[in-house]
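A.B. asks: Following this message is one structure expressed as structure tokens.
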């Protein structure tokens, strides 16, 4: 993105970048964008959306404010872009879990427990994402609605739709009992019953709890889900 004045895109010193070769320039811009996104994740997680400043993000990234504005219109666009990219990465991971565990469902209780244990526990590579989710939860009233909607559409909603579709397929095979049109409700119930207590006890992944306690909460959630949606078959 060019600067708001229409000047050539510049590096940290303000010098124009861009030549006929193209590849080194694109690589340099991509590297700076990655540095900005990484720094933004650190600063937003530490200071929250409202208190975080573009100055602090620039300092963390080792670039100038002008470089940030060459990539992003303002702090809001930077936060939104970061949340969307982070949510898309987590969404891809969750869709793979759904396919691996529920797409191949044969024995609902152990299969769903195995799925839920991976689904509700923040993986190490996504701890930065959940730090940002804590920011959203704390500051939702002060965040633009466009940011909240972009986050939901990038991750939570598509994942729930994929989960609902796979639960419907399992019900069609006689492994679950889900009324027609209630697939998304069943998906919400599975996520809530297996994840709500874990989320509460870990403060959205900020605090670790013993593995055996976590496993017990997840297993109890699955059993409650199956009391609602189990096929009743042995």
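A.B. asks: Within the group 159, 198, 135, 147, which residue is modelled with pLDDT of 95 or more and either within 12 Å of the chain's Cα centre (by Cα) or assigned to a helix (DSSP H, G or I) (or both)?
C.D. replies: Details: 198 fails: modelled with pLDDT of 95 or more; 135 fails: modelled with pLDDT of 95 or more; 147 fails: modelled with pLDDT of 95 or more.
None of the others qualify; the one that does is 159.
Conditions (1) in contact with a helix residue (DSSP H, G or I) (Cβ under 9 Å, 6 or more places away or on another chain); (2) under 22 Å from residue 135 (Cα atoms); (3) at pLDDT 95 or above, marked per residue:
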{"residue": "2", "(1), (2), (3)": "yes, no, no"}
{"residue": "14", "(1), (2), (3)": "yes, no, no"}
{"residue": "22", "(1), (2), (3)": "no, no, no"}
{"residue": "27", "(1), (2), (3)": "no, no, no"}
{"residue": "41", "(1), (2), (3)": "yes, yes, no"}
{"residue": "46", "(1), (2), (3)": "yes, yes, no"}
{"residue": "58", "(1), (2), (3)": "yes, yes, yes"}
{"residue": "68", "(1), (2), (3)": "yes, yes, yes"}
{"residue": "89", "(1), (2), (3)": "yes, yes, no"}
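A.B. asks: Separate question: Picking from 109, 149, which residue would you name as being surrounded by fewer than 16 Cβ atoms within 10 Å (Cβ to Cβ) and more than 26 Å from residue 210 (Cβ to Cβ)?
C.D. replies: One residue alone meets the criteria, 149.
A.B. asks: From the list 85, 109, exactly one residue is in a helix (DSSP H, G or I), under 27 Å from residue 187 (Cα atoms) and at pLDDT 95 or above. Which is it?
C.D. replies: Residue meeting the stated conditions: 109.
A.B. asks: Could you please give the count of residues in region 174-195 that are free of Cβ contacts under 8 Å to residues at least 24 places away in the same chain and not in a helix (DSSP H, G or I)?
C.D. replies: Summing the residues that are free of Cβ contacts under 8 Å to residues at least 24 places away in the same chain and not in a helix (DSSP H, G or I) in region 174-195 gives 4.
A.B. asks: Could you list, in sequence order, the residues of region 185-234 that are loosely packed, with under 15 Cβ neighbours inside 10 Å and under 16 Å from residue 122 (Cβ atoms)?
C.D. replies: 196, 200, 201, 203, 206, 207, 208, 209, 210, 211, 213, 215
The values are calculated or read from the model by the stated rules, or taken from the named source; none is laboratory data. In this text the structure is predicted, and so the values were computed from the model without any measurement. All Cβ positions, glycine included, derive from the backbone under ideal geometry; neighbour counts span all protein chains shown.
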